[in-house]
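Values in this text are rule-based calculations from the coordinates and carry no lab data. Everything numeric in this text was worked out from a predicted model, so none of it was measured. Quick reminder, even Gly has a Cβ in these numbers, built from the backbone with ideal geometry, and neighbours come from all protein chains shown.
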Amino acid sequence: MGERVAADGSVPPWPGMPAQRRGLFAERACVGGSDLHLVPLARSCARAQVCNPDELLHFLSNYLTELSLLDHIMMNFLPSQIAAAAVYLANLMLRRPGWDGTLQHYSTYGVHDFLACTRALAQLHQAVSTNTQLAAIREKYASPRFQSVSRVPISHTLMQQLGA
């Protein structure tokens with residue numbers, strides 16, 4: 001039986017690799033070999049389950065994740081990075097601790113791994129709030145059904161902290 005080869009031609013170190021790393025390796029191989037970069041909303045929900053989300057955090061992280069579908073710049077990031085950045089940014093926007101050891105453990109990401117993605121999401125949120133051509137998702141999440149999360153502002157201080 002020969003070695004398994006990933007889509008990019010590399011040989012993954014499966015036997016000693018932790019399960020989370022195997023998942024990230026497989027994600028990179030699949031996304032890297034495709035022109036389609038779909039953002040699975042379930043990923044954001046699954047990531048959020050680790051931090052005991054309430055509906056507000058759940059809806060806000062889903063809104064931010066959906067926003068990532070609007071800008072081609074977001075194709076530079078893995079879906080798991082977008083999901084992590086959405087949860088992190090949602091926590092910060094709600095003035096909660098952004099990323100803790102539990103989230104880092106289950107995602108295998110430190111904040112530095114998705115900070116550029118977080119900046120891009122924050123800028124996208126600000127752009128959508130003022131652009132009438134991008135109103136569909138904003139209006140969807142402005143409804144009471146989604147607790148009006150698209151109206152949650154990003155403070156000037158938070159934008160400075162992110163370096164955006």
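Residue count for region 89-103 satisfying the condition of being part of a loop (DSSP other than H, G, I, E, B) and touching a residue at least 12 places away in the same chain (Cβ under 8 Å): 5.
Consider region 128-164 and keep the residues that are free of Cβ contacts under 8 Å to residues at least 12 places away in the same chain and aliphatic (A, V, I, L, M). The one that is surrounded by the most Cβ atoms within 10 Å (Cβ to Cβ) is Ala142. When region 70-88 is filtered for residues that are without any contact (Cβ under 8 Å) to a residue 40 or more places away in the chain and over 17 Å from Leu162 (Cβ atoms), the ones remaining, listed by number, are His72, Met75. Selection of region 136-154 for residues being touching a helix residue (DSSP H, G or I) at 6+ places or on another chain (Cβ under 8 Å), part of a helix (DSSP H, G or I) and either farther than 18 Å from Met93 by Cα or aliphatic (A, V, I, L, M) (or both) yields Ile137, Glu139, Lys140, Val149. The lone criterion from (1) within 18 Å of Phe59 (Cβ to Cβ); (2) surrounded by 12 or more Cβ atoms within 10 Å (Cβ to Cβ) left unmet by Val111 is number (1). Do we have any residue at all in region 77-89 that's of a type outside the set (Val, Ile, Thr) and exposed (fewer than 14 other Cβ atoms within 10 Å of the Cβ)? So far as region 77-89 goes, no, none of its residues is of a type outside the set (Val, Ile, Thr) and exposed (fewer than 14 other Cβ atoms within 10 Å of the Cβ).
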